[in-house]
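Chemist: The structure that follows is given in the form of structure tokens.
Quick note: the coordinates plus some simple rules give every number you see, no bench work behind them. Since this is a predicted model, take the numbers as computed values, not measurements. Cβ sites come from the backbone with ideal geometry, for glycine too, and all protein chains shown count toward neighbours.
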Amino acid sequence: MKKMNVVAFVMLISLLLLFQVLAEFSTSSNAETSSVSEIQTNDENQMAAFKRTHHRPRLHCGHACARRCSRTSRKKVCYRACGSCCAKCQCVPPGTSGNTASCPCYANLRTHGNKLKCP
């Protein structure tokens, strides 16, 4: 009698697992038939959520400013200004001068005298 109850229990569990697998299969096949526009919308939403929650890694301002100020004659002044701009903006334009389009925050910082702050 006990053996029959165990067999019935195993059969019941097997049927439940089979129903669960079939239910998951039917929902996945419905998802595959969804339109391309819905998939693109989901991708765009996921990318927007990623951009909101993931921040850029912190920039090592010492190395970036050393590169930026490598050809100046007043290195200490350049390092100080570049360091404060980098700390605020977390970016330094490439090269030793110019190229400020790649880092608008860096390009738009001004001193109290309304002069460009960042080298």
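Chemist: Work out Dmax and Rg for the range 54-119 from the C-alpha atoms and quote the Rg first, both in angstrom.
Modeler: For the range 54-119, the Cα-based Rg and Dmax read 11.2, 39 Å.
Chemist: Between ASN5 and HIS63, what is the spin-label point distance in nm, taking each point 7 Å from the Cα along the Cα→C-beta axis?
Modeler: Taking the simple label geometry, ASN5 and HIS63 are separated by 6.9 nm.
Chemist: Of the peptides 80-89, 5-14, 102-111, how do they stack up when ordered by the mean number of other Cβ atoms within 10 Å, highest first?
Modeler: Ranked by mean Cβ neighbours within 10 Å, highest first: 80-89, 102-111, 5-14.
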